[in-house]
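S.K.: Next up is a structure, given as structure tokens.
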Amino acid sequence: MRLGEMPDPEVRDDDVLIEVHATGLNLLDSKLKAGEFKQLLPYRFPLVLGHDVAGVVTRVGSRVRQFKVGDEVYSRPPDFRIGTFAELIAVHERDVALKPETLTMEEAASIPLVGLTAWQALIERAHLKKGQKVFIQAGSGGVGTFAIQLAKHVGATVATTTSTANVALVKSLGADLVIDYKKQGFESVLRDYDVVLNSQDKSTLEKSLGALKPGGKLISISGPPDPDFAKTRGSSWVLRQVFRLLSYGIRKKARRRGASYSFLFMRADGAQLRVIGSLIDSGAIRPVIDRVFPLESTNEALAYVEAGRAKGKVVVRVK
Ligand SMILES: NC(=O)c1ccc[n+]([C@@H]2O[C@H](COP(=O)([O-])OP(=O)(O)OC[C@H]3O[C@@H](n4cnc5c(N)ncnc54)[C@H](OP(=O)(O)O)[C@@H]3O)[C@@H](O)[C@H]2O)c1
């Protein structure tokens, strides 16, 4: 990435213009930069990356009803309108929510993408309920630190994996059963879970099936994509067949065990961010931030995320 001058973003009738105070980093930024998602998200480069923003509304479009100039907000802008590694970004008001009052700008910027991912996986897709058991992989990561707290909030029992150094962190977030993956394979411990949130590689995905009870749900945010996902994205027939093939093995294995497999790719949603914000302000969920970098060090910050050892989120302060 290079720092450079760009024209101010165009503000459409339904948009708010946000002065970016802080932005969160995600592996999605690295993956787009490396060209890994060319089929799914055909961006044109050069491109301003960045999927999480907290900041102040400085202008509103003529049809905007929910926000006014001066509001402190946070957002995960939708695909194809990203670009939070910047001083300004225009976002449709439906994708924006007021910033949780109890959070700083840096803390608020750490939430949208991972908070929405956890919400859409555990609440919207899995309908996770009190008394159910969920296995959340990589509990010390961006998604994991949020997902553990959300699952505990609904009253579920949570198992998670992490390495020795992060065991205390995930326990402090509420994890009931912590497996140090450097010392023990989760597949020898976990049985009869209702839900698995998979965020790791193919072999972890396949082993996860053994942790599910019949009727259990294996939800993966790290692939492979499935045909239903292609359908909701309105992907071409060809891409649908590609996803069908890519996920054929795991879907079949899941069916054989009486379980289900689905891929989730999170989406922008201001209404869900409002609910998440109220959970945060009520004290049910707290942000976990590993490091904050200045804007000039965004490359360094992204390299830190790419190294895969972040404890919670990495944030860049812009203002
Ligand atoms: N589909 C979607 O919508 C979506 C949304 C968000 C994220 N994702 C994907 O989900 C994955 C996780 O994202 P993230 O933002 O949470 O990542 P992250 O914050 O970068 O994850 C880093 C954490 O992963 C842990 N970790 C690494 N290897 C592990 C292993 N083998 N077992 C258990 N924990 C391990 C590390 O703990 P240790 O240092 O203790 O190893 C570290 O705390 C990424 O592939 C990301 O692209 C997808």
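A short reminder: the numbers here are calculations on the coordinates, not readings from a lab. Just so we're clear, the structure is a prediction, and the values are computed from it rather than from any experiment. As a convention, Cβ positions derive from the backbone with ideal geometry for all residues, glycine included, and neighbour counts pool all protein chains shown.
S.K.: Out of SER199, SER278, SER172, any idea which swings most in a Gaussian network model of the chain, alpha carbons joined below 10 Å?
M.R.: Of the options given, SER172 has the highest mean-square fluctuation.
S.K.: Then there's this: Taking the mean number of other Cβ atoms within 10 Å as a proxy for protection, how do you rank 74-80, 36-42, 152-158 from highest to lowest?
M.R.: In decreasing order of mean packing, 74-80, 36-42, 152-158 become 74-80, 152-158, 36-42.
S.K.: Taking the number of other C-beta atoms within 10 Å as the exposure measure, put ILE18, ILE276 in order starting with the fewest.
M.R.: Final ranking by Cβ density, sparse to dense: ILE276, ILE18.
S.K.: Given the pairs LYS99/LYS171; LYS231/LYS253; LYS152/LYS252; LYS182/LYS313; LYS33/LYS68, which are separated by over 29 angstrom at their Cα positions?
M.R.: LYS152/LYS252; LYS33/LYS68
S.K.: Still on this model: Provide PHE45, PHE229 in ascending order of the number of other Cβ atoms located within 10 Å of each residue's Cβ, fewest first.
M.R.: If I rank by nearby Cβ atoms, fewest first, I get PHE45, PHE229.
S.K.: List THR298, THR162 from most exposed to least, where exposure is judged by having the fewest other Cβ atoms within 10 Å.
M.R.: Sorted ascending by nearby Cβ count, the order is THR298, THR162.
S.K.: Which of the aspartates and glutamates could a cross-linker bridge to LYS311, judged by Cα under 12 Å and excluding same-chain residues fewer than eight apart?
M.R.: Output for LYS311: ASP290.
S.K.: Something else: Take the eigenvalues of the Cα gyration tensor for the chain, scale each by 5, and report the square roots as semi-axes in whole Å, largest first.
M.R.: The three semi-axes for the chain are 32, 22, 19 Å.
S.K.: With a/c under 1.5 counting as rounded, go ahead and sort the range 128-210 into rounded, prolate or oblate using the C-alpha gyration tensor (a ≥ b ≥ c being the square roots of the eigenvalues; past the cut-off, prolate if a/b is larger than b/c, else oblate).
M.R.: oblate
S.K.: For the chain, what is the calculated [θ] at 222 nm in deg cm²/dmol (nearest 500), taking -39500 (n - 2.57) for each run of four or more DSSP H residues and dividing by its residue count?
M.R.: Taken over the chain, the calculation gives -8500 deg cm²/dmol.
S.K.: Taking the range 80-140, which trypsin sites (Lys or Arg not before Pro) meet the DSSP loop condition and have no more than 10 other C-beta atoms within 10 Å?
M.R.: Here the trypsin sites (Lys or Arg not before Pro) that fit, given the DSSP loop and packing criteria, are LYS130.
S.K.: Using modelled amide H (1.01 Å from N, peptide plane; none on Pro or chain starts), what sits under 5 Å from the amide H of GLY216, excluding residues fewer than 5 places away?
M.R.: SER260
S.K.: While we're looking at this one, here's another question. Using only the Cα atoms of the range 142-282, build the gyration tensor, take square roots of its eigenvalues as a ≥ b ≥ c, and label the shape rounded, prolate or oblate: rounded if a/c is under 1.5, else prolate if a/b is larger than b/c, else oblate.
M.R.: oblate
S.K.: Take every Cα pair under 8 Å in the chain that's 6+ residues apart, average their separations, divide by the length, and report that relative contact order as a whole percent.
M.R.: Computed value for the chain: 21 percent relative contact order.
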